1. So what's the net charge close to Val45: Lys and Arg +1, Asp and Glu -1, counting the other residues with Cβ under 13 Å from its Cβ?
2. Spin-label point model (7 Å from Cα, Cβ direction): what's the Ile30 to Leu129 distance in nm?
3. Using only the alpha-carbon atoms of segment 11-162, report the extent along each of the three principal axes, biggest first, to the nearest angstrom.
4. Can you tell me the FRET efficiency between Thr98 and Arg39 if r is taken as the Cβ-Cβ distance and R0 is 25 Å, rounded to the nearest 0.05?
5. Note down the net charge around Leu129, summing +1 for each Lys or Arg and -1 for each Asp or Glu among other residues with Cβ under 14 Å from its Cβ.
6. What is the local net charge at Leu76, summed over the other residues whose Cβ is closer than 14 Å to its Cβ (Lys, Arg +1; Asp, Glu -1)?
7. Among Gly7, Ala75, Gln57, whose Cα projects farthest towards the positive end of the dipole of segment 1-79, with charges put on the beta-carbon of Lys, Arg (+1) and Asp, Glu (-1)?
8. Whole-Hz Karplus ³J(HN,Hα) for segment 45-54, in order, using 6.51 cos²θ - 1.76 cosθ + 1.60 and θ = phi - 60°, x for Gly and Pro?
Amino acid sequence: MIKGQKGFTLIELLIVIVIIGILAGVLIAIIDPAAQQNRARDAGVQAAINKVSLATQGFVSAYGRTPEGDEFINALDNSTAQAGSCLTATDTCLFAVTGNPLPVLCDPAGNGWDGAGAAQCYYWYVGALGTGGDFQIYARSFGIVTTTFQYDNTVGRMQQCDEDGLNCI
C-alpha cells in the first residue's frame with residue numbers, strides 16, 4: 001500500500017464478504033422459512049375457522065338451533081360445499097373457504113373428510129341436530145402433520161387435536 005492512501009485491501013473485503021455469507025446462512029437455517037410459512041398458513045386456517053364459527057353462532061342465536069348442512073353453507077360467504085355434502089337434514093358439511101385452502105391429502109387415517117386423490121382437504125362442520133346449538137368445526141394443520149384444529153362451541157375456544165379430531169388440548 002502506498003503511504004498516505006486509506007482503504008481496504010481486496011483480501012480484507014473478501015474476508016468480510018465470506019463472514020457475512022456464513023452469518024446469513026446460519027440465520028436462514030435458524031429461521032426455517034418453510035416452518036414460518038406453515039405457521040402463517042395455520043394462522044389463516046384458524047382465522048377462517050373463527051369466522052365460520054361466528055357465523056354459525058349467529059345462526060344459533062337467531063334460530064335457537066344448529067343449522068342443517070344446506071342452511072350452514074348458505075349462511076357462509078366465500079365458501080363452497082364439497083359435492084354431495086351439506087345436504088338438507090344432515091348434521092355434517094364438508095366445505096372449502098376461498099383464500100384459505102387446506103393441505104393436500106390431509107386425512108391419512110381415512111376418516112373421509114379430505115379431498116379425493118390430490119384434491120384439497122376440506123373444512124368439516126358437525127352440528128348436533130335437535131339440540132340447542134352444539135357444533136364443531138375441524139380443519140387440518142399445515143405445520144404439524146398429525147394435528148387437527150377444532151372449534152367446539154361448548155368449549156368456546158380453538159383446540160389442537162390429534163389427526164382424528166380426538167384427544168384435544
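Readers should treat all values here as calculations from the given coordinates under stated rules, not as data from a laboratory. Predicted model only: the values in this text are computed from it and were never measured. All Cβ positions, even for glycine, are placed from backbone atoms using ideal geometry, and neighbour counts span all protein chains on display.
1. On the way: positive: Arg39, Arg41, Lys51, Arg140; negative: Asp42.
Around Val45, the surrounding residues sum to +3.
2. 5.6 nm
3. If we take the Cα atoms of segment 11-162, the spans are 78, 33, 27 Å.
4. Values: r = 21 Å, r/R0 = 0.85.
Calculated transfer efficiency: 0.70.
5. On the way: positive: Arg65; negative: Glu68, Asp70, Glu71, Asp91, Asp134.
Net charge around Leu129: -4.
6. Working: positive: Lys51; negative: Glu68, Asp70, Glu71, Asp77.
That works out to -3.
7. Looking along the dipole axis, the top candidate is Gly7.
8. Coupling constants for segment 45-54: 5, 5, 5, 5, 4, 4, 5, 5, 5, 5 Hz.
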